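Enquirer: Below are the structure tokens for one structure; questions will follow.
The values are calculated or read from the model by the stated rules, or taken from the named source; none is laboratory data. Nothing here was measured: the structure is a model prediction, and the numbers come from that model. Cβ placement follows ideal geometry from the backbone for every residue including glycine, while neighbour counts extend to all protein chains displayed.
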Amino acid sequence: MLKSIYISNYALISELKIDFQSGFSVITGETGAGKSIIIGALSLIMGQRADSKSIKIDADKCIIEAEFDISNYRHLSEFFVQNDLENDEKTCIIRRELTNGGKSRAFINDTPVSLNHIRVLSDRLIDIHSQHENLLLSNDTFQLEVVDTIAENGSQLMAYQQSFDHWRTLHSELKRLQSLAAKQTIDIDYIQFQYNQLVEANLVDGEQEELELEQDTLSHAEEIKSGLLKSVQLLDDENASLSQLKESINSLSHIKSYIAEGENWYERMQSAQIELKDIVSEMAQREQRVEYNPTRMEWVENRLSDIFSLQKKYKLSSVAELINLRDEFAETLHRIDSFEDDLNALKIQIDEAFTVLTKNSKLLTNSRTAAVLPIEKYLIDQLTKLGMPNIQFSVAMNELEDYVENGRNEVQFLFSANKNRDLQPVAQIASGGEVSRLMLAIKSMIAHKSDLPTIIFDEIDTGVSGEIAHKMGEIMQAMCTDMQVITITHLPQIAAKGTSHFKVYKDDSGKATETHIKRLTTSERLTELAQMLSGKNITEGALQNAKELMGNDVLS
């Protein structure tokens, strides 16, 4: 339940704190006193977008803070865990801060959060019913939600929505696959041609580098042959390096034992001789193989030309990339070949999903159908008490041609307050006062089924008076067995029913007009009710009437 609300520097409010109790609280005050300002502040707590113009003139920042008692609502723990928020399971504080620079911040238990976070949480803590929400009665979605609330079919609705989402996802995949199949089937000849061209090229990863090296070798064959021959001769001639190295090794062998470094030098020179012999042998063999081969040169150049042409055509830079492209073409061709199988398999999945969807749709429809009579009975009973003795009310539920997110049902509330008048949609026939009474009856019906802690009625009694107002007050009183009820009203018959009574008023004694609120004592409450009955000049009859209205429900 809502324990308190603190408002600072908002509109005409410098600072205001209201402590609420459980049960039925009423808020009264003259038109323009600022009751709507308090509702506006609460709307910010519920995540409504802020306007810096709401900040009190000359103030840098405004703060709205609401404290809720959540000790009886353990199911909220999941929200706090999922969003990594502190939770003592007793109290929850939601705060909004607005600056005159246009910045807005939101907090839950002093932890900064997004507006969406406080919207989600506040929707589970409080419902503010303003006058414009009576328009919801013309909204088919709202009417369906009312039926679902009374049907208590959350599990059936969730099962249906899950099966609907699955079926819709499969349908989307089918369309995507069909579109892709159609497009690629059109391109299949060209893809096949490109694939064949790359296959016929017999590409080998790394061959381009090898061919470019071989091309360089063939282009400089005479130069290579001459250079190798000269190198071999210089090293292998009788007067060349190898012969001189051999003599040096023999000479060193006679003295190596007489000096410390001798053995090391001897071994290193032997190793050098062996290495040089190997090099000379390899160069000689290579020199024998080197020759200019115009036929081979022509083949290498043609092969490289073919590779370069493919790279240019496909805007690639290596044989490896061409091979990858060839493999992609192969995969595409395989996929096109298997499209028919994939489409058939997907259609089978869709049929299976549709069977589940149909089953869940029927279960959801059955739950809603079972709720129709209790809804009609309850609302007719309540509206009869609210001064509609000839009330006719019916919940028309039709089956849609298509499956949609909330089920295959369309709900419409049909209404007639007079004899011999055909039932018609509420929005087309009900007057303002009738809509107010119907909405209150619906809210009271929902209160018995929902676990919402608090509901606030902002002048839901518009268009009614007298005995009807008295009955509306009784209904609000009855709702208090399931939730905390706070109502803003101009009617003394309703104000008298509250267990707590607050008055909103303006103070013009200072430099600026300010809005205040106070909780009334018994005598103050009696005076307020009398003024609501007769105006500022309170008559003895008004006082007596106020006492009668209060009866035994006197605030001590």
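Enquirer: If I filter the stretch 502-512 for residues that are polar (S, T, N, Q), in contact (Cβ under 8 Å) with a residue 60 or more places away in the chain and either assigned to a helix (DSSP H, G or I) or surrounded by fewer than 24 Cβ atoms within 10 Å (Cβ to Cβ) (or both), do I get at least one hit?
Expert: Within the stretch 502-512 (the criterion being polar (S, T, N, Q), in contact (Cβ under 8 Å) with a residue 60 or more places away in the chain and either assigned to a helix (DSSP H, G or I) or surrounded by fewer than 24 Cβ atoms within 10 Å (Cβ to Cβ) (or both)), the answer is no, since none of the residues qualifies.
Enquirer: Follow-up. Do we find that TRP265 is farther than 30 Å from TYR190 by Cα, surrounded by 12 or more Cβ atoms within 10 Å (Cβ to Cβ) and aromatic (Phe, Trp, Tyr) in this structure?
Expert: Considered against the rule, which asks whether it is farther than 30 Å from TYR190 by Cα, surrounded by 12 or more Cβ atoms within 10 Å (Cβ to Cβ) and aromatic (Phe, Trp, Tyr), TRP265 comes out as yes.
Enquirer: Tell me the strands (runs of 3 or more DSSP E) entirely within the stretch 84-139 that contain at least 2 residues that are free of Cβ contacts under 8 Å to residues at least 40 places away in the same chain and more than 25 Å from GLN484 (Cα to Cα).
Expert: Working: elements: 91-99, 104-108, 111-113, 126-129.
Per the criteria, 111-113.
Enquirer: When only residues in the stretch 324-371 that are at pLDDT below 90 and of a type in the set (Val, Ile, Thr) count, which is farthest from SER163 (Cα to Cα)?
Expert: Filtering the stretch 324-371 for residues that are at pLDDT below 90 and of a type in the set (Val, Ile, Thr), the one farthest from SER163 (Cα to Cα) comes out as THR332.
Enquirer: Among the residues of the stretch 1-31, write down those that are in contact with a Gly (Cβ under 9 Å, 6 or more places away or on another chain) and assigned to a loop (DSSP other than H, G, I, E, B).
Expert: Hits for the stretch 1-31 are ALA11, LEU12, GLY23.
Enquirer: Moving to a separate point now. Return the only residue of TYR10, TYR6, TYR73 being within 26 Å of the chain's Cα centre (by Cα) and aromatic (Phe, Trp, Tyr). Outline the logic, then answer.
Expert: Values: TYR10 fails: within 26 Å of the chain's Cα centre (by Cα); TYR6 fails: within 26 Å of the chain's Cα centre (by Cα).
On inspection, the qualifying residue turns out to be TYR73.
Enquirer: Right, something else. Based on this model, can you work out whether LEU198 counts as at pLDDT 90 or above and more than 46 Å from the chain's Cα centre (by Cα)? Don't jump to the end; show me each part of the working.
Expert: Details: at pLDDT 90 or above: yes; more than 46 Å from the chain's Cα centre (by Cα): yes.
So LEU198 passes the test.
Enquirer: Does the stretch 480-492 contain any residue that is on the phi < 0 side of the Ramachandran plot and surrounded by fewer than 17 Cβ atoms within 10 Å (Cβ to Cβ)?
Expert: Yes, some residue in the stretch 480-492 is on the phi < 0 side of the Ramachandran plot and surrounded by fewer than 17 Cβ atoms within 10 Å (Cβ to Cβ).
Enquirer: So, one more: Output yes when any residue across the stretch 193-205 is among the β-branched types (Val, Ile, Thr) and more than 23 Å from LEU322 (Cα to Cα), and no when none is. First the steps, then the outcome.
Expert: Taking the stretch 193-205 first, the residues among the β-branched types (Val, Ile, Thr) are 199, 204.
Subset that is more than 23 Å from LEU322 (Cα to Cα): none.
No: zero hits.
Results for (1) free of Cβ contacts under 8 Å to residues at least 40 places away in the same chain; (2) buried (at least 19 other Cβ atoms within 10 Å of the Cβ); (3) within 25 Å of PHE20 (Cβ to Cβ); (4) within 41 Å of the chain's Cα centre (by Cα), shown as yes or no for each residue.
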position: GLY463; (1), (2), (3), (4): yes, no, no, yes
position: MET472; (1), (2), (3), (4): no, yes, yes, yes
position: MET476; (1), (2), (3), (4): no, yes, yes, yes
position: ILE517; (1), (2), (3), (4): no, yes, yes, yes
position: LEU526; (1), (2), (3), (4): yes, yes, yes, no
position: ILE538; (1), (2), (3), (4): yes, no, no, no
position: LYS547; (1), (2), (3), (4): yes, no, no, no
